[in-house]
Amino acid sequence: MDRHHKSPTTLRVARDEEPVTEPELAWSEPTQPERNANANRRDATCDGAYAVALVCLERQMNLVAVARAEDLTGADWYVAPAGKGTTEAGAPNLDDPDLMRLEVGGHDDRPSLPHELKIKVHQLQAGKSSIPGIAVVVGFKKAQLVIRTNVLPG
C-alpha cells in the first residue's frame with residue numbers, strides 16, 4: 001500500500017453481492033531496512049496482498065489464518081473462525097467444516113480486478129481439495145479488494 005498511498009487510507013471492499021464497504025486501513029511507514037528486505041517487487045506485492053487480505057477477512061468475516069495450504073490445493077492459506085479449524089495439536093483439521101481455503105492475488109495496477117478474481121476462483125475450483133474456498137484480489141493502486149466467498153471445488 002505504501003507504494004501508492006499514505007497511511008491511513010480508505011480501502012474499498014467488494015464482497016460477493018453485498019454492499020461495498022470502505023474501512024480505513026492504517027500501517028506504519030516502512031523503515032529503510034524493511035524496504036531493503038522487500039526490494040523484490042513481485043514478492044513484496046504477494047506478501048502485502050496476503051497481509052491485506054488476511055486483515056480484511058479477520059475484520060469483516062471473523063476469519064483468521066490457520067496455516068499455509070499445501071501445493072496443488074489451489075489455495076495459499078487455510079482460514080477459519082478463531083479457535084476453529086485446527087486439531088488439538090494445532091495442525092489444520094481438514095475435516096473441520098469451518099476450515100476454508102483462501103486464494104489471494106495482489107496487483108499494483110491491473111485494469112480489471114473482477115477479471116483477476118475470476119482467475120483466482122477458477123484456481124480454487126481446479127485445486128485438488130474438497131474444501132470450500134474464498135478468493136481475494138487486492139488492487140494496491142486502486143486501494144480496492146474484491147472477495148468471492150463459498151467457492152466450491154470444481
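Please treat every number below as a calculation from the coordinates, not as lab data. Given the structure is predicted, the values throughout are model-derived calculations rather than measurements. Cβ: placed from backbone, ideal geometry, glycine included. Neighbour counts: every protein chain shown.
Summary of computed values
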| quantity | calculated |
| --- | --- |
| Where a residue in the range 30-52 is within 16 Å of His5 (Cβ to Cβ) and its partner, wherever it lies, is assigned to a loop (DSSP other than H, G, I, E, B) and among the aliphatic types (A, V, I, L, M), with Cβ under 8 Å and at least six apart | Gly48/Met1; Val52/Met1; Val52/Leu11 |
| Residue identified as in a strand (DSSP E or B) and of a type outside the set (Asp, Glu) among Ala89, Ala135 | Ala135 |
| Residues of the range 56-86 that turn out to be touching a residue at least 24 places away in the same chain (Cβ under 8 Å), outside any helix (DSSP H, G or I), out of contact with any Leu (no Cβ under 7 Å at 6 or more places or on another chain) and not small (Gly, Ala, Ser), as a count | 2 |
| Subset of the range 21-55 (residues that are outside any helix (DSSP H, G or I) and either under 21 Å from Asp76 (Cβ atoms) or in contact with a Gly (Cβ under 7 Å, 6 or more places away or on another chain) (or both)) | Leu25, Trp27, Asn38, Asn40 |
| Ala89, sole failed condition from (1) small (Gly, Ala, Ser); (2) in contact with a helix residue (DSSP H, G or I) (Cβ under 9 Å, 6 or more places away or on another chain); (3) surrounded by fewer than 15 Cβ atoms within 10 Å (Cβ to Cβ) | (2) |
| Pairs where the first residue, in the range 15-26, is surrounded by 11 or more Cβ atoms within 10 Å (Cβ to Cβ) and the second is small (Gly, Ala, Ser) and in a loop (DSSP other than H, G, I, E, B), C-beta under 6 Å, 6+ apart | none |
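Okay, residues lined up against (1) in contact with a His (Cβ under 6 Å, 6 or more places away or on another chain); (2) surrounded by fewer than 15 Cβ atoms within 10 Å (Cβ to Cβ); (3) over 26 Å from Ala44 (Cα atoms); (4) charged (D, E, K, R):
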{"site": "Ala82", "(1), (2), (3), (4)": "no, yes, yes, no"}
{"site": "Asp95", "(1), (2), (3), (4)": "no, yes, yes, yes"}
{"site": "Val104", "(1), (2), (3), (4)": "no, no, no, no"}
{"site": "His122", "(1), (2), (3), (4)": "no, no, no, no"}
{"site": "Gly127", "(1), (2), (3), (4)": "no, no, no, no"}
{"site": "Val136", "(1), (2), (3), (4)": "no, no, no, no"}
{"site": "Val146", "(1), (2), (3), (4)": "no, no, no, no"}
{"site": "Asn150", "(1), (2), (3), (4)": "no, yes, yes, no"}
{"site": "Pro153", "(1), (2), (3), (4)": "no, no, yes, no"}
